[in-house]
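Chemist: For reference, the structure I am asking about is given below.
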Amino acid sequence: MSDEDRDVLSAITNQVASAIENANLYHELKETFYGTAQALAETIEKRDPYTGGHTQRVMSYSLDIGRMMGLSDHDTEELRLAAILHDIGKIGVRDSILLKNDRLDVDEALIMNQHTKFGSEILAHIKTLHHIIPGVRNHHEKFDGSGYPDGLSGDAIPLIARIIAVADTFDAMTTDRPYRKALPRQTAVDELIRLSGTQFDAEIVLHFVRSLSMMKETACC
Ligand SMILES: [Fe+2]
């Protein structure tokens, strides 16, 4: 091997080493990023034990829908983060409302509804999370425009928020609350279908129902 060959080889080796180091750093950075998002989400779950596991389930249902819709890797990552952090704004809702063992009255519900705005304000501080703000801020919009906080309707509601809305409501209906028992899964599905086109994007409900039936088939056979 000539001196020239040795120099070229050494330059290539250095480049590969630095590429590996960069990849490791990127991996670590990504882990830290997701870990921080998860920790932020858990702060709210720790305050309200009734929401225990809610975030994970909403994320899992949301990703099932995303898969059925054939979302790109980029959009799937955005969906995952927005689903993890969708209720982070509840950190700004006082305990007497957040932990109330009964249905909220009108005034209390208005305060609770603020969690969508609080969530977007909290995330506004983190530049790398700006892209998921619409998913967090608009997950309580309704397809007919009667939701909050911005009264958006139809396709004007960000796609990721429309997906989280279906996943979030299904999980809320199928889990026990202090003031009511969980609905059977089929009843919750019927309710999603009934509200298709008014509260929810009908196409997304369809994808979700399909993903649930596929899960059932996998579980049973
Ligand atoms: Fe919410």
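The values are calculated or read from the model by the stated rules, or taken from the named source; none is laboratory data. Since the structure is predicted, the reported quantities are computational estimates derived from the model, not experimental observations. Reconstructed Cβ throughout: ideal geometry from the backbone, glycine too, with neighbour counts over all protein chains shown. Keep in mind that these areas ignore ligands, DNA and RNA; they rest on the heavy atoms of the full protein, side chains included. Shrake-Rupley method; radii C 1.70, N 1.55, O 1.52, S 1.80 Å.
Chemist: Based solely on its DSSP helices, what 222 nm [θ] is calculated for the chain when runs of n ≥ 4 H residues each add -39,500 (n - 2.57) and the sum is averaged over all residues, nearest 500 deg cm²/dmol? Mind dumping the intermediate values first?
Modeler: Working: 10 runs with 143 residues, N = 221.
Roughly -21000 deg cm²/dmol at 222 nm, from the helical runs in the chain.
Chemist: Another question, then. What would the Debye formula give as log10 I(q)/I(0) at q = 0.13 Å⁻¹ for the alpha-carbon point model of segment 3-220, no solvent?
Modeler: Values returned for q = 0.13 Å⁻¹ are -0.77.
Chemist: Right, another one. Quick one: if the Förster radius is 30 Å, what FRET efficiency do Thr187 and Met214 give, using the C-beta to C-beta distance and rounding to 0.05? Let's see the in-between values first.
Modeler: Working: r = 20 Å, r/R0 = 0.66.
Given R0 = 30 Å and the Cβ-Cβ separation, E is 0.90.
Chemist: Loop-only chymotrypsin sites (Phe, Trp or Tyr not before Pro) in segment 24-95, please: DSSP not H, G, I, E or B, and at most 15 other Cβ atoms within 10 Å. Before the final figure, lay out the partial values.
Modeler: Details: sites: Tyr26, Phe33, Tyr34, Tyr50, Tyr61; in loops: none.
Here no loop site has a sparse enough neighbourhood.
Chemist: While we're here: If you place +1 on the Cβ of every Lys and Arg, -1 on the Cβ of every Asp and Glu, and leave all else neutral, what size is the dipole of the chain about its Cα centre, to the nearest 20 Debye?
Modeler: Numbers: 23 positive and 34 negative charges, 207 e Å.
Using only the charged Cβ atoms, the result is roughly 1000 debye.
Chemist: Let me ask something additional. Between Rg and the Kirkwood Rh of segment 133-221, both from Cα atoms, what is the Rg to Rh ratio? If you can, show how the numbers build up before the last one.
Modeler: Values: Rg = 13.6 Å, Rh = 13.5 Å.
Taking Rg over the Kirkwood Rh, I get 1.01.
Chemist: While we're here: Convex hull over the alpha-carbon atoms of segment 1-108: what's its volume per residue in Å³? Don't skip to the end; give the middle numbers.
Modeler: Values: hull volume 16.2 nm³, N = 108.
Convex hull of Cα atoms, per residue: 150 Å³.
Chemist: Here is a follow-up. Please report, as a whole percent, how much of the solvent-accessible surface of the chain comes from carbon and sulfur atoms (probe radius 1.4 Å). Before the final figure, lay out the partial values.
Modeler: Working: 7020 of 12460 Å².
Answer for the chain is 56 percent, counting heavy atoms of protein chains only.
Chemist: Between Lys142, Lys117, Lys181, which gets the highest mean-square fluctuation from a Gaussian network model of the chain, Cα cutoff 10 Å?
Modeler: Of the options given, Lys181 has the highest mean-square fluctuation.
Chemist: Among the lysines, select those whose C-alpha is under 26 Å from the C-alpha of Lys216, and discard any that sit fewer than 8 residues away in the same chain.
Modeler: Answer for Lys216, where 26 Å is the Cα cut-off: Lys181, listed by chain and number.
Chemist: Still on this structure, I have one more. With θ taken as phi - 60° and the coefficients 6.51, -1.76 and 1.60, list the Karplus ³J(HN,Hα) couplings across segment 202-215 in order, rounded to whole Hz; mark glycine and proline as x.
Modeler: My calculation for segment 202-215 gives 4, 5, 5, 4, 4, 4, 5, 4, 4, 5, 5, 5, 5, 5 Hz in order.
Chemist: What's the extension gain from Arg6 to Tyr34 if we count 0.36 nm per residue and subtract their Cα-Cα distance? Intermediate values should be presented prior to the final figure.
Modeler: Details: separation 28, 0.36 × 28 = 10.08 nm, distance 4.19 nm.
Taking 0.36 nm per residue and subtracting the Cα distance, the gain is 5.9 nm.
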